[in-house]
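Notes for the one structure printed next.
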Amino acid sequence: MKDCGLDWFEEMVEHCYQKATEFHEAGTPIIGILCEYTPRELILAAGAWPVCLCGGDADMIPAAETLLPAGICPLIKSTFGYSLNQANPFLEMASLLVAETTCDGKKKMYERLAERHPMHVLELPQKTGDPDARIHWIRELQKLRTVLEERFNVAITDERLRDAIRLMNRERRLRRALAQEMRSATPPLSGRELLDLKSLIACLPDDLAAYERIAGALPGRPADARPSPDNVRVLLTGVPVPHGAERILDLLEADHATVVCQENCTGIKPVTEEVDAEADDPLTALADVYLHLPCSVMTPNSERMRRLGELAREYRAECVVELIWHGCLTYDIEAAYTRELAAQFGLPYLRIETDYSPNDDARIALRLGALYETVRAARR
Amino acid sequence: MKSTATTIGRPEGKTVAVGVDAGSRAIKIALLDTRTRAVVATGSCDQGINQSALASDLLARLLAEQGLDAGSIAATVATGYGRHAVAAADRAVTEITCHATGVYHLHADVAAVIDIGGQDSKFIHLGTNGLVVDFSMNDRCAAGTGRFLEVVAQRLDVPIASLGEHARRADKPASISSMCVVFAESELIGLLASGTSRENIIAGVCRAIAQRIAAMAGRIPAGKIVFTGGVARVAGMRDALAEALRHPVTVASDPCMTGAIGAAIIAARENGGSE
């Protein structure tokens, strides 16, 4: 059993399931979300609970491939496969799904998913910095607010929205503080342990309390429970690592390495910026922060490269590993930028393209081995 | 078992570093003098089921030929496909790093290494001091590996060692359209039946392999490109690579052994020796 309060999250799915069941039985809506662009605050302000439905289980994929092409991203297939197999209890309990037009694969999968579940789709405009794109996104969130109000017979007042923003900010702060512990020369956690702290449901009070306990206990974590300070410091970037696919982190950290920073949507990206709860128009403030999220679907995505450079310095990364799920065109195309950035920083870089199956494990381990050998040779 | 040996006189104490390259077709071992960093002896044997025992036996024989024994070993590093299953090794290092190190030892001006083995191929970019800067690897598809040549040799009933001479005599290398070695095998039979010469078929296969290497190479460096691995012994492959890369290619001075030599150098280094 883990120390420092980390054991709480060893049962994360069970806790979320218990809570979801309680909510469901009490008539409190569960709303499924599928992307970090979907504002949790609106859902919370509607008196509902947002649950992440992104699939990380390879076993769900065969069912999905009966309707979706095999060559698309495993995350998309797995998410859809859960629906076909009726194997995700959170999905089954959800009164509504909020989806978004991000990448092509997701957009088209959502059409299929909408045949099986009530769904509202947000249109994410993809031109960064364009004032009309921003107005469009604010309108999309206004529409979402209206949909939630009508469907769940609730008024999402500005005050309720501000409270939800404060709550989400608290979660962001707590998760960011834990991630920032990895900046240390003697990180108290492995990257895998940090990833395991991510919950499926946002802002559960027990999870927030657990984050506080962990933050208090980690500085005192003994050396033998911490990863070795001699480990290669890895900056992981690219695609998210949803629940079920965390073994990728184990692969990355197997050969005396620690993933000190996860620049992706299951890592630091969504907890980097806080929403101004006191802004004149909280909905606009919400829209602005969410629109800043630097996913590769956005064009241009220079903010991602700028943040990566800062993170490489802050976390004293010794190499950059870019993870790309098969079929993820936008991250794959951006990989060339990441490679250039890594070269500018003098950091060895490795691109790993894979899916959820363990077939690639030996090949990936070999390449990581060579990367880490290069890092260690450069230290001499 | 073949072994080549350079006798240097009997050293005392732990003066030999060992590199074991456990490849898909053969196990190669190099012994390195830890003081002079000279290669003392090299040897190889065919791969087999009990790899660990085969490696240990080969090592014992090589040592004995030099008047040495296990007590002379300062450190042992294993590399290659089977690197995690060599009981005699202190640790494992990837073949990417080992081939880079081994080639750099033999050719100090190397900018990139092409290694084509029995079942994989690599293009390794080196920086200063022989450090690996970047690499691409094909370990998924037989069409860019020695396996393709094995299939061709068998199908055309030509010993692998003679493939090169045949390729040299080609006047019009055949174009192999199949992406896959399994399908290419059938394509070869078709080519033979339609009167294409064995020479042209072999040259065509060499070209196909070279094209796959070129596709994976990325940016071609300005400096020296060294070709190593078992397939480097096939005369004609070097020319095919040079043509596909539009860049001169040098065959490593001991192409089968660069992995084992690199491993031995790393073993010596880690045992407290300086560069």
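Below are the figures for this structure:
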| item | result |
| --- | --- |
| Residue count, region A:341-380 (criterion: of a type outside the set (Asp, Glu), surrounded by 15 or more Cβ atoms within 10 Å (Cβ to Cβ) and either under 25 Å from the mean Cα position of the chain (by Cα) or facing chain B (nearest Cβ under 8 Å) (or both)) | 21 |
| Restricting region B:142-158 to residues that are free of Cβ contacts under 8 Å to residues at least 60 places away in the same chain and under 17 Å from the mean Cα position of the chain (by Cα), the residue that is nearest to the other protein chains (Cβ to nearest Cβ) | B:Ala142 |
| Residue check, A:Gly81 under 19 Å from A:Pro242 (Cα atoms) and in a loop (DSSP other than H, G, I, E, B) | no |
| Any hit, region A:96-117, residues being surrounded by fewer than 22 Cβ atoms within 10 Å (Cβ to Cβ) and on the phi > 0 side of the Ramachandran plot | no |
| Among residues of region A:85-107, those that are more than 22 Å from A:Val241 (Cβ to Cβ) and either touching a His at 6+ places or on another chain (Cβ under 7 Å) or touching a residue at least 24 places away in the same chain (Cβ under 8 Å) (or both), counted | 4 |
| Among the residues listed as B:Ala60, B:Ala92, B:Ala100, B:Ala74, the single one being more than 14 Å from every other protein chain (Cβ to nearest Cβ) and touching a strand residue (DSSP E or B) at 6+ places or on another chain (Cβ under 9 Å) | B:Ala74 |
| Failed item, numbered, when A:His120 is tested on (1) assigned to a loop (DSSP other than H, G, I, E, B); (2) surrounded by fewer than 21 Cβ atoms within 10 Å (Cβ to Cβ); (3) under 22 Å from the mean Cα position of the chain (by Cα) | (1) |
| Spans of helices (runs of 4 or more DSSP H) in region B:81-181 with at least 3 residues among the aliphatic types (A, V, I, L, M), modelled with pLDDT of 90 or more and crowded, with 24+ Cβ neighbours inside 10 Å | B:95-106 |
| Within region B:105-141, considering residues that are within 15 Å of B:Gly218 (Cα to Cα) and away from chain A (no Cβ under 14 Å), the one farthest from the chain's Cα centre (by Cα) | B:Ala111 |
| Residue count, region A:183-197 (criterion: surrounded by fewer than 21 Cβ atoms within 10 Å (Cβ to Cβ) and either β-branched (Val, Ile, Thr) or assigned to a loop (DSSP other than H, G, I, E, B) (or both)) | 5 |
| Criterion violated by A:Asp207 - all others in (1) surrounded by fewer than 21 Cβ atoms within 10 Å (Cβ to Cβ); (2) acidic (Asp, Glu); (3) over 16 Å from A:Glu246 (Cβ atoms) satisfied | (1) |
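The values are calculated or read from the model by the stated rules, or taken from the named source; none is laboratory data. Because the structure is a prediction, the values reported are computed rather than measured. Note: ideal-geometry Cβ built from the backbone for every residue, glycine included; neighbour counts use all protein chains shown.
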